[in-house]
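Colleague: Have a look at the structure that comes next, please.
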Amino acid sequence: MNFKTFIYSIINQYFIPINGIDKDSVKNSLNQNHFSFQCTKCGKCCYGPGSVYFSYKELIEVKKYLKLDQTQWKELKQKIIHKNKNGLFIHKTYNKCYFLNTKNQCSIYPVRPLQCRTFPFWPSYFKSPKNLQNLILFCPGSNLIKANHNNKKIFSPDEIVFYCNTTIQKFNRNQIKQNKNDLIKL
């Protein structure tokens, strides 16, 4: 066990956030396989119905990144913010994310929200073998392999737990009591 793996295992033994995942669940979902992931930049994770959650800070970063004036920003907010809940602003997608361009690339990639930055390390994908299989069928960058072939990046169960639980901890921190003036300030 290397030092990095040792640290992950210590953290994972004692810090499982609400809605997080434990090592046994991850091992069960892997079913004695290894999980590899390398983003192919296919854009598939940006398609389909779903919700993308933005914190107040992330929306401000989008505004700055796109260099929008107040009028442009007001128009964009009307298109992307469908509701707010627990301190997060929700962009509902029915076909594809608003920020996905015609080349299947994210137009706000450097400032994309936490949800996008942490894909596919979400606890829901590692709660059961079925959920993990659905991820692998959906995402061409995800795979289950028996051994390290072609020097692919393999994530240990400890690393998966650490990344998933870190994602949840960050989401939990972003879910602060909504300030009534946040929408106005945006």
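Colleague: For the pairs Lys63/Lys170; Lys103/Lys146; Lys77/Lys130; Lys27/Lys96, note any where the Cα-Cα span goes beyond 26 Å.
Modeller: Violating the 26 Å Cα-Cα cut-off are Lys103/Lys146; Lys77/Lys130; Lys27/Lys96.
Colleague: Also, quick follow-up: What list of ³J(HN,Hα) couplings, whole Hz, do you get for the range 106-111 from phi and the Karplus terms 6.51, -1.76, 1.60, once you set θ to phi - 60° and write x for glycine and proline?
Modeller: 6, 7, 10, 3, x, 10
Colleague: Right, something else. Is the range 44-117 best put as rounded, prolate or oblate by its Cα gyration tensor, with a ≥ b ≥ c the root eigenvalues, rounded for a/c under 1.5, and otherwise prolate when a/b is larger than b/c, oblate when not?
Modeller: Since a/c stays below 1.5, the shape of the range 44-117 is classed as rounded.
Colleague: Can you check what the net charge comes to around Leu135, using other residues whose Cβ is under 13 Å from the Cβ of Leu135 (Lys, Arg +1; Asp, Glu -1)?
Modeller: With Lys, Arg at +1 and Asp, Glu at -1, the neighbours total +3.
Colleague: OK, next. Can you pull out the chymotrypsin sites (Phe, Trp or Tyr not before Pro) in the range 57-125 that DSSP calls coil and that have at most 11 other Cβ atoms within 10 Å?
Modeller: Answer in residue order: Tyr94.
Colleague: So who's got an amide H within less than 5 Å of the one on Ser51, skipping anything under 5 residues away but keeping other chains? H placed 1.01 Å off N, in plane.
Modeller: Answer set, sorted by chain and number: Thr93.
Since every read-out is calculated from the coordinates, none of them should be taken as a lab result. Predicted, not measured: the structure shown is a model, and the values here were computed from it. Methodologically, a virtual Cβ is constructed for each residue, glycine included, from the backbone with ideal geometry; neighbour enumeration extends over all protein chains shown.
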